[in-house]
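Each value in this text was obtained by applying a stated rule to the coordinates, not by laboratory testing. Small disclaimer: the values here were computed from a predicted structure and weren't measured. When we count neighbours, we look across all protein chains shown, and the Cβ atoms used for this are built from the backbone with ideal geometry, even at glycine.
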Amino acid sequence: MSQTTEAKRAGENGSFWVTLFAIILGTFVAVLNNSLINVALPKLVNVFGSTTQDIQWVLTGYMLASAVVIPMSGTLGDKYGYKKMFLLSLSAFTIGSLLCGLAWSDTSLIAFRIFQGVSGGFIMPIGMAMIYMIVPRHQIGMALGLWGIAAMVAPAVGPTLSGYLIEYYSWRVLFFINIPVAIFAVLVSGMLLKETPKKPELSFDMPGAVLSVIGFGTLLLALTKGQSEGWDSLYIVSLFFLSFFSLVLLVWVETGKEQPLLDFRLFKIPVFSISVVTSGLVMMGMFGGVFLTPLFLQNIQGLSPVDTGLLLMPQSIAMALMMPISGKLFDKFGVGPIGLVGLTIMGTMTYELHRLTADTPHRWLDMILTIRGLGIGLCMMPLTTVGMNSVPRHMVGRASSLSNVIRQVMGSLGIAVLTAIMTQQQSLHSAIIAESVSVTSPVAQQTISALGALYAQGGVDAASAQGGALGLLAGLVQREAAVRAIADTFLISAIPILASIPLVYFLRKKKSPAQAGQA
């Protein structure tokens, strides 16, 4: 029986909704794990006596490992079956969680996280490909909207749950908590999922695999470490050089193969190409908010990780609630009106965040972020779905791996660029404020005298009180410079989102849902 016929029958009896639950559960486990670890890094530094630079590899190692295996997911799924690959990935991820929870040093934890990243990197692209294989095309928007909830609910509860577990239990629980959920996901997936047609005669593209690992791995490593190592350092320049030539060689090798690892011929489909570009631009803008908002709340306003997670939760809940609604609207109206409204809301609210000040009320920030979350939830899945719908069903696995790796790179690129912009703007604003505020001015002298008097009340001598007052004033200048830099970066992060709006015109619906389903 063909995949198309299976999907049609599944759609007639509605059985694919039960199967979809298994895929959603597996995706939720993988996404939740990473959102739990973000908040735990300072704790891990203290536990292992490590450094912040070293412990960052707990995140970086996972990200690199998961990114470099994404291109292989389509080929391995076609060759061995998507159900088998999904179950193997979930099982290996569960073992990785157990090993991470038992880690005895920062080195062992990083090694186990890399192993976990290799397995976790397969889960999302294979899950997406399976959805396209079991769900009828005219209901794919709703199905992907429900699947997208897993990607939004996990980051919503992750930071708050992580802060609570670290404060009242142990960092090891962050990994152990995944195990029962992952085991349940494996059992449910094993019972509910049906194996997809296999292509055992398909040969594995080893040259493409090696080149993709080198090309994408060095690119993401350079983007991740560029700010700390220096963008013009020999290390970073060498990584970019190696990445560029590896990726150029990868394109040359893959376009000459009949069964490539990454099928760049998919870019000959205009709707798919524009969808990938649009989704990548949106990822750059969205990751800007994900990266900048916790930085503002914790470093500027002094919130704890738990309070930060609670403040950001309404935004993630709004995204999660809007996902299935946007999918239903997409199935009915197509990507045009949904994408236009969602991108406009997201771009406008991201632009509004450039009004941040050091004492911005949390109620205003929460309102802006929640409305922004509604916009993200409204546009993200339709933009991806319309591109995947344009791909022949037998190629959705390769299309899923190609689009996922490009979005991963674009998200990392967005964080790297915005971090560099924020650092540059902070130095610029710090210099401007220092020039405009003279230490010898009457206002500055009065402020220093008042601060010195406060220090003196604590029994500090006059010289120490004067030095403490100057240090506090310098800290206030740096704080204000940081606030302005974050606001400027939010303004710039709105540009790729707003730039993607005209591209929606080329993605507009040309067929009715019934026609699309028949096709």
Let's test the formula: R0 of 22 Å, r as the Cβ-Cβ distance of Tyr505 and Arg355. What FRET efficiency results, to the nearest 0.05? 0.15
Starting from the Cα-Cα distance between Ile495 and Ser238, subtract it from 0.36 nm times their residue separation and give me the gain in nm to one decimal. 89.6 nm
In nm, what is the difference between 0.36 nm times the number of residues separating Ile371 and Leu295 and their Cα-Cα distance? 25.4 nm
Taking the number of other C-beta atoms within 10 Å as the exposure measure, put Tyr82, Tyr168, Tyr351 in order starting with the fewest. Tyr168, Tyr351, Tyr82
Go through the stretch 189-198 residue by residue and turn each phi into a ³J(HN,Hα) via Karplus (6.51, -1.76, 1.60, θ = phi - 60°); whole Hz please, and just put x for glycine and proline. 5, x, 7, 9, 6, 9, 5, 7, x, 9
So, over other residues within a Cβ distance under 13 Å of Ile70, counting Lys, Arg +1 and Asp, Glu -1, the net charge is +2
What the 5 Å binned alpha carbon P(r) of the stretch 299-418 shows, as percent of pairs per bin from 0, is 2, 10, 15, 17, 21, 15, 9, 6, 3, 1, 0
Determine, from the Cβ-Cβ distance of Arg479 and Lys328 and an R0 of 60 Å, the FRET efficiency 1/(1 + (r/R0)^6), rounded to the nearest 0.05. 0.85
Viscosity 1.306 mPa s, temperature 10 °C: Stokes-Einstein D of the stretch 362-442 from its Kirkwood Cα radius, in µm² per second? 93
Would you compute the Debye intensity of the stretch 1-204 from its alpha-carbon atoms alone, equal scatterers and no solvent, and pass along log10 I(q)/I(0) at q = 0.08, 0.13, 0.17, 0.18 Å⁻¹ to two decimals? -0.29, -0.71, -1.09, -1.19
Greater than 24 Å separation of Cα atoms is the criterion. Which listed pairs, Lys43/Lys225; Lys83/Lys199; Lys198/Lys268; Lys79/Lys257, meet it? Lys198/Lys268
Which order do Tyr80, Tyr235 fall in if you start with the one that has the fewest other Cβ atoms within 10 Å? Tyr235, Tyr80
Karplus (6.51, -1.76, 1.60) ³J(HN,Hα), θ = phi - 60°, over the stretch 492-499, in Hz, Gly and Pro reported as x: 6, 5, 6, 4, x, 5, 5, 5
What is the list of residues in the stretch 98-131 whose amide nitrogen lies under 13 Å from a point 7 angstrom out from the Cα of Tyr169, following Cα to Cβ? 101
Fewest-first sequence of Met319, Met395, Met381, Met283 by Cβ atoms within 10 Å of each Cβ: Met395, Met283, Met319, Met381
If the chain between Ser273 and Lys199 were fully stretched, how many nm would it gain, using 0.36 nm times the residue separation less the Cα-Cα distance? 24.0 nm
Here the equivalent ellipsoid of the stretch 82-126, derived from its Cα gyration tensor, has semi-axes (largest first, whole Å) of 22, 9, 5
